Amino acid sequence: MIEIRCKDGIEIISDESQISLPIIKAFLGRYRFENTGQGNSFRRSGDVDKEILFQTYDFLKEYFPNISLDQRCEEILYNRKQNENNIEQVRDEALRIKSLVNTPDEIPNITIPRMRDDVSLKWYQKLAVLHATTICNSANFSVPGSGKTWMAYSTYFKFKDEQNLVDKLLVVGPLAAFRPWEREYEFITGTEPPIQRIRGNATKRNQIIKRDESEIYLISYGSIIQQETLENLIKLLKKNRFMVIADESHHFKNFLSERATALLQLAPHAKKRMILTGTMMPKELNDLYSQFTFLYPDEEILEDFEQFKFNFPQEDPDSLTNLSQTLSPFFTRISKQALQLPEQTFNPPIVLEM
């Protein structure tokens, strides 16, 4: 008999001697399961890490087909399956919307709550907002100047004001992005932005989070890696229905970095998620893993990191095409051609004597 229980962490209750096989013990050690001192039972203490639960269950059922789960574990795995089914249902529709880039006249008109009457979205921005509200957790890899902040705000306004799916917005990004987020809100709505910067020393940051007085919060990647700040942010997200946007998401491209670790801890507590960057893959294919795992922390669209590297090896020339096809439903990218920018003008240099 072997059972997985989800209470005060993840516990494996077993009377099977086979669980002591070296390959199984190595797997459990990798995910920091420790022997409880009661026979062949193991525990991973702390909060239930859903991803580790999925990995553990999938691994152990290969050896123990009759493995059982307690009610909490069953609920977590059932919700994961439902999420995967929901993604399958909207995947084709998301691809259909993306294909409208070739026929802009067929893009349906959409209204954006809070948007001033004298401004409107471009056709390619409407396309991205339609895609984002269809797939729900989306990536926008459009080129600089395409209006990613406008598209992100428009998506949030529709989620909150039209669909009643979220209540608040948290934007994680570089410090230099704070002012643009404040300024663009004013340009879009014509009103003072209900925005609070989470800044200052640890005491001040935590006071701002605990007061919970604003609708929109801005925090830097440098602040989010501070453990107490991260813990308070998670409490804030548990208390409210948040959409979390990672701006310039290439800042946490390294899956093993502190930033990626913090964002991936935050992700499961957000109701909706979005990433924005024009340079989604600065160096290698692995740069995409943490960004899309943030978008879909429970659905495992890319499996675990080791399997991802095996599936899409950097040295394989087909890996980029295969990965693009896998991720295509989940992102939009507005190119320079869609912006119809004028040709660059190169003026002759002005030569001055020293």
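Observations
- Note: relative contact order over segment 108-189, using C-alpha pairs below 8 Å and six or more positions apart, is 39 percent.
- Stretching the chain fully between residue 74 and residue 204 yields a gain of 42.8 nm (0.36 nm per residue, less the alpha carbon separation).
- Spatially close Lys pairs in segment 62-195, defined by Cα atoms under 20 Å apart and a spacing of eight or more places or different chains, total 14.
- For the chain, the relative contact order works out to 16 percent when only alpha carbon pairs closer than 8 Å and six or more residues apart are counted.
- Cα-projected label distance for residue 8 with residue 339, points at 7 Å along beta-carbon direction, nm: 5.6
- (i) 1.07; (ii) 1.00; (iii) 1.12, with the label sought being that of the calculated Cα Rg over 2.2 N^0.38 Å: (iii)
- Per residue, the chain exposes 52 Å² of solvent-accessible protein surface, assessed with a 1.4 angstrom probe and all protein chains in place.
- Euclidean distance between Cα centres, segment 13-69 to segment 96-161, Å: 45
- Cβ-isolated cysteines (cut-off 4.7 Å), the chain: 136
- The chain, dipole about Cα centre (Lys/Arg Cβ +1, Asp/Glu Cβ -1), debye to the nearest 20: 1020
- For a modelled paramagnetic label at residue 281, 7 Å from Cα along Cα-to-Cβ, the residues of segment 103-147 in reach, with backbone nitrogen under 19 Å, are 138-144.
- Estimated FRET transfer efficiency (residue 182, residue 34; beta-carbon r; R0 56 Å; 0.05): 0.75
- Among the helices of the chain, none built from whole DSSP H runs has Cα atoms reaching 20 Å or more along its own axis together with a mean Kyte-Doolittle hydropathy of at least -1.0.
- Antiparallel DSSP beta bridges within the chain, as percent of all bridges there, nearest 5: 30
- At most 15 other Cβ within 10 Å, DSSP loop - trypsin sites (Lys or Arg not before Pro), segment 9-68: 32, 61
- DSSP-loop GluC sites (Glu not before Pro) across segment 145-227, with at most 15 other Cβ within 10 angstrom: 213, 215
- Ellipticity at 222 nm from helices only: DSSP H runs of n ≥ 4 in the chain, each -39500 (n - 2.57), divided by the residue count, give -12500 deg cm²/dmol.
- Spin-label model distance (nm) - residue 353 vs residue 162, 7 Å beyond Cα toward Cβ: 6.6
- Computed extension length for residue 66-residue 20: 14.8 nm, one decimal, from 0.36 nm per residue of separation with the Cα-Cα distance subtracted.
- Taken about its Cα centre, segment 88-155 carries a charge dipole of roughly 220 debye when the Cβ of each Lys and Arg holds +1 and the Cβ of each Asp and Glu holds -1.
- Carbon plus sulfur fraction of accessible area for segment 227-354, probe 1.4 Å, in percent: 51
- Along the axis of the charge dipole computed for segment 213-354 (Cβ charges of +1 for Lys and Arg, -1 for Asp and Glu, origin at the Cα centre), the listed residues 325, 276, 350 are led at the positive end by 276.
The values are calculated or read from the model by the stated rules, or taken from the named source; none is laboratory data. All figures in this text were calculated on a predicted structure; none of them were measured in a lab. No Cβ is skipped: glycine too gets one built from the backbone with ideal geometry, and neighbour counts run over all protein chains shown. We work out accessible area using only protein heavy atoms, side chains counted, and drop any ligands, DNA or RNA first. Shrake-Rupley method; radii C 1.70, N 1.55, O 1.52, S 1.80 Å.
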